[in-house]
2 protein chains.
Amino acid sequence: MRVLLVEDDTVLGAGVRDQIKAEGHSVDWVTRLDDAADYIAAATYDLVLLDLMLPDGRGLPFLQNLRKRGDVTPVIILTALDQISDRIDGLNAGADDYMVKPFDLAELSARLAAVARRYTGNPNPLVEIADLEVDLAAKSVRRQGKLLSLTAREWVLFEGFVQHPGQIISKAQLEDRLYAFDIEIESNTIEVHISRLRKKLGREKIVTVRGMGYRLGET
Amino acid sequence: MRVLLVEDDTVLGAGVRDQIKAEGHSVDWVTRLDDAADYIAAATYDLVLLDLMLPDGRGLPFLQNLRKRGDVTPVIILTALDQISDRIDGLNAGADDYMVKPFDLAELSARLAAVARRYTGNPNPLVEIADLEVDLAAKSVRRQGKLLSLTAREWVLFEGFVQHPGQIISKAQLEDRLYAFDIEIESNTIEVHISRLRKKLGREKIVTVRGMGYRLGET
DNA sequence: CTTTTCCCGTCAGGTAGCTGTAATAAACAG
DNA sequence: CTGTTTATTACAGCTACCTGACGGGAAAAG
């Protein structure tokens, strides 16, 4: 397995690198996001270990960008920010897992193995809906081959429809997908997002069921 | 998505169950490994949330056994904070993820979504009535394969018939389904709705029982 | 730091289609 | 045949929904 380690802490980085090598994998170690981008562009890795705080920027936007470009390489986030919100943001940004520093090296091994198991021999399954190609893992949609750029909320909503094809999803459920359950919303936000989605996907892809909610159109 | 929750703590269990339900998934909740085995054998789940310490045994051997039998249902382990070695063992035993108690419900959502990403929707159970296929979860009816679009009221009425097959339902009862119990109605609204329903479903699907109400036609 | 860009929540005006009502026809029981 | 219950159709009101526009705010660009 080829692993790219993006970590600026030299002590921790060396420890992680040695551990992974000890497991029989090959490791490239960079300390800056710029370098990481170059390395990823040049070679294909089976796993990226990504620190979120780096000298030349934050890791989260970097990861989002990566996913937006259609890259599906498994990413495990390494973070000192032990706040739950950061962890969730990481997962939502397209990370496959996260580890909070300082972490046990044995735990690193276990997660390494889990990710490897999850992804070996699994090219990303594509869901086809009329002229759309949806890659749930990569969070990407193509329409007639052309990559659509959905915003974060748009994707969350659309993902819901794809995961429950044919099922009617109420506006309350869609709200729950977008917002933490304690946050109130007092306007037609959902309708607006649906409208924006339809403009990108094609009007007929999302069907209104008056008084009940929305559902994916028949393929 | 169908979720099996294996957790003996009643407070935590109830919270998790409610959260998952709020996301639109269906949940079965058991507190013993024996029961879990029965449930898994009887139905197919899309996700299992597994506590490791249960009254009738430990979850780890249970999980290993499950994997040994070739079951690949995604499993997320729920474990107390102080059992780090268990977490590693869990991942090695074939778990897809773990969560440390006490965990934030928002984090549960995120991880649920991560698992659901890989989940390719199993079709919901269908109720068959003559040439109709009824999907209660999706609130959809197909007639000879073609999707019918019922309105909100129509669906509520029809759902009532499907949930009580063969049973005679009075017009008063149907009114109660449509309207809050205090609202009065002074016209033949129910009859009109029945008429509209019959036009969509096929005249013979709903049988009039003069003086008493309506019931579903013989399958 | 300033400028620009983009995302998102809110609002208002417009539209479509569901739904209750009533009028009329049909079915049924005695 | 007569009275009663149910079916069907048409229609108007109203509610849920759609969509373009706007501004605040955050992130990216300069």
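The values are calculated or read from the model by the stated rules, or taken from the named source; none is laboratory data. Just so it is clear, the model here is predicted, and its values are computed rather than measured. Glycine also receives a Cβ, built like all others from the backbone with ideal geometry; neighbour counts cover every protein chain displayed. Keep in mind that these areas ignore ligands, DNA and RNA; they rest on the heavy atoms of the full protein, side chains included. Shrake-Rupley method; radii C 1.70, N 1.55, O 1.52, S 1.80 Å.
Here are the numbers for this structure:
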quantity: Subset tally (residues that are within 8 Å of chain B (Cβ to nearest Cβ) and more than 9 Å from A:Tyr214 (Cα to Cα)) for the stretch A:161-172; calculated: 4
quantity: Condition broken by A:Tyr179, with the remaining ones in (1) at pLDDT 85 or above; (2) over 14 Å from A:Ile129 (Cβ atoms); (3) more than 13 Å from DNA strand D (Cβ to nearest atom) satisfied; calculated: (1)
quantity: Search result, residues across the stretch A:163-219 that are farther than 23 Å from B:Val141 by Cβ and either of a type in the set (Asp, Glu) or not assigned by TED's automatic domain parsing to the domain that holds A:Leu136 (or both); calculated: A:Glu175, A:Asp176, A:Asp182, A:Glu184, A:Glu186, A:Glu191
quantity: Yes/no for A:Arg198 being near DNA strand D (Cβ under 8 Å from one of its atoms), surrounded by 13 or more Cβ atoms within 10 Å (Cβ to Cβ) and more than 14 Å from chain B (Cβ to nearest Cβ); calculated: yes
quantity: Candidate set from the stretch B:109-123 (those that are at the interface with another protein chain (Cβ under 8 Å from one of its Cβ atoms) and open to solvent by 50 Å² or more (accessible area, probe 1.4 Å)); member that is modelled with the lowest pLDDT; calculated: B:Thr120
quantity: Leading residue by the ranking (nearest to DNA strand D (Cβ to nearest atom)) among those in the stretch B:201-219 that are within 21 Å of B:Leu147 (Cβ to Cβ) and surrounded by 15 or more Cβ atoms within 10 Å (Cβ to Cβ); calculated: B:Ile206
quantity: Qualifying positions in the stretch A:129-173 - within 13 Å of DNA strand C (Cβ to nearest atom), part of a helix (DSSP H, G or I) and within 19 Å of the chain's Cα centre (by Cα); calculated: A:Ala152, A:Arg153, A:Glu154, A:Trp155, A:Val156, A:Leu157, A:Phe158
